[in-house]
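Have a look at the structure below, then the notes.
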Amino acid sequence: MSRAGPRRPGPVLWLLAVAGFGLLLAPALVVGVVSFSSGAFLSFPPPGFSLRWYAALLANQDIRAALATSGMLALMVAVVSLLIGTPAAYAIARLRFPGRGLVAGVLAAPLLLPTLVLGLALLLALQPMKLVATWPGLVLAHCTLAVPFAVRIMTAAIAAVPDELEAAARTLGASPLRAVVRVTLPLAAPGLFAAAALAFLVSFDETVISLFLVGPRLTTLPVELFRYAENRNDPLIAALAMVLIVIALAIVLIVERAAGLTRSLSKD
């Protein structure tokens, strides 16, 4: 008896899928159209089309400085998240010890808290140590959100590497650490790359926690966007939003092309 092949989606499923994608993409499309507006105020549809607000964006010194700060901060958060998350992920994926599930739960706990509560708690904790509006304070705060994502992805990537390969390396004389560094981590490199990219995006896009911890001389791009939107109502906001969307999309596509972000996130 021949096995039936996979069923093709029907027209109703296609219609629902198109409607779902349209609902998700509609805000970005509206922002993209408004970012090319020739008008002086946010309006849809725009009165005309122009690149004037992208030129104004490039000429805005505060936004350029905030972009550089966010990029550097996100890069540091990605590195620190891997340094912390990779050993934790290896312990969860490979080792068997009492409280293993508790450790995994504690590492994921920041994702369960509202970012408003987390931001206030970090402000109260970092203020006595004089780490508010400092690079170490921002890196530490952003890592509270980025590390859980890195641990989740790296746990799946390490668990997908067969234990027998490490055992074979040890029987050939490699130390446990050398077996991990020379065998497990290279095979888990796609997950490592995906974890770094996701940690970068989490930090680059973080707004609520940053609002509690930035200062007049150290601010991030999302906070600068928020402050700009409080005082002005012109399409430069839409142009900046499109820049953020393009940066995030470019990173996701590069990681998907190089390492397979979808596969890294979907592994059990």
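The values are calculated or read from the model by the stated rules, or taken from the named source; none is laboratory data. Just so it is clear, the structure is predicted and the values come from calculations on it, not from any experiment. Cβ sites come from the backbone with ideal geometry, for glycine too, and all protein chains shown count toward neighbours.
Based on what the data block shows, is A195 assigned to a helix (DSSP H, G or I), under 14 Å from the mean Cα position of the chain (by Cα) and touching a residue at least 12 places away in the same chain (Cβ under 8 Å)? The answer is yes for A195.
Give me the residue from the stretch 154-175 that is of a type outside the set (A, V, I, L, M, F, W, C) and farther than 12 Å from A188 by Cα and, out of that set, surrounded by the most Cβ atoms within 10 Å (Cβ to Cβ). Break it down stepwise before answering.
As a first pass, look at the stretch 154-175 and keep what is of a type outside the set (A, V, I, L, M, F, W, C): 155, 162-164, 166, 170-171, 173, 175.
Next, from what is left, pick out any that are farther than 12 Å from A188 by Cα: 163-164, 166, 170-171, 173, 175.
Values: D163: 11, E164: 8, E166: 19, R170: 14, T171: 9, G173: 8, S175: 11.
The extreme case among them is E166.
Looking at T207, T155, just one residue is closer than 18 Å to L73 by Cβ, polar (S, T, N, Q) and under 23 Å from the mean Cα position of the chain (by Cα), and that residue is T207. Among the residues of the stretch 73-87, the ones that are surrounded by 19 or more Cβ atoms within 10 Å (Cβ to Cβ) and either of a type in the set (S, T, N, Q) or over 16 Å from the mean Cα position of the chain (by Cα) (or both) come to 2 in all.
Looking at P148, is it under 20 Å from Y90 (Cα atoms) and at pLDDT 90 or above?
Values: under 20 Å from Y90 (Cα atoms): yes; at pLDDT 90 or above: yes.
Considered against the rule, which asks whether it is under 20 Å from Y90 (Cα atoms) and at pLDDT 90 or above, P148 comes out as yes.
Entry remark, the stretch 1-18: residues being modelled with pLDDT of 70 or more, of a type in the set (A, V, I, L, M, F, W, C) and loosely packed, with under 10 Cβ neighbours inside 10 Å number 1 in total. Annotation note: of G85, G119, the sole residue that is under 25 Å from P190 (Cβ atoms) and in contact with a helix residue (DSSP H, G or I) (Cβ under 6 Å, 6 or more places away or on another chain) is G85. Kindly check whether there is at least one residue in the stretch 117-125 that is within 22 Å of the chain's Cα centre (by Cα), part of a helix (DSSP H, G or I), among the β-branched types (V, I, T) and surrounded by fewer than 20 Cβ atoms within 10 Å (Cβ to Cβ). Yes, the conditions are met somewhere in the stretch 117-125.
Given the options E224, E206, name the one that is at pLDDT 85 or above and in contact with a His (Cβ under 8 Å, 6 or more places away or on another chain). Full working, then the answer.
Numbers: E224 fails: in contact with a His (Cβ under 8 Å, 6 or more places away or on another chain).
On inspection, the qualifying residue turns out to be E206.
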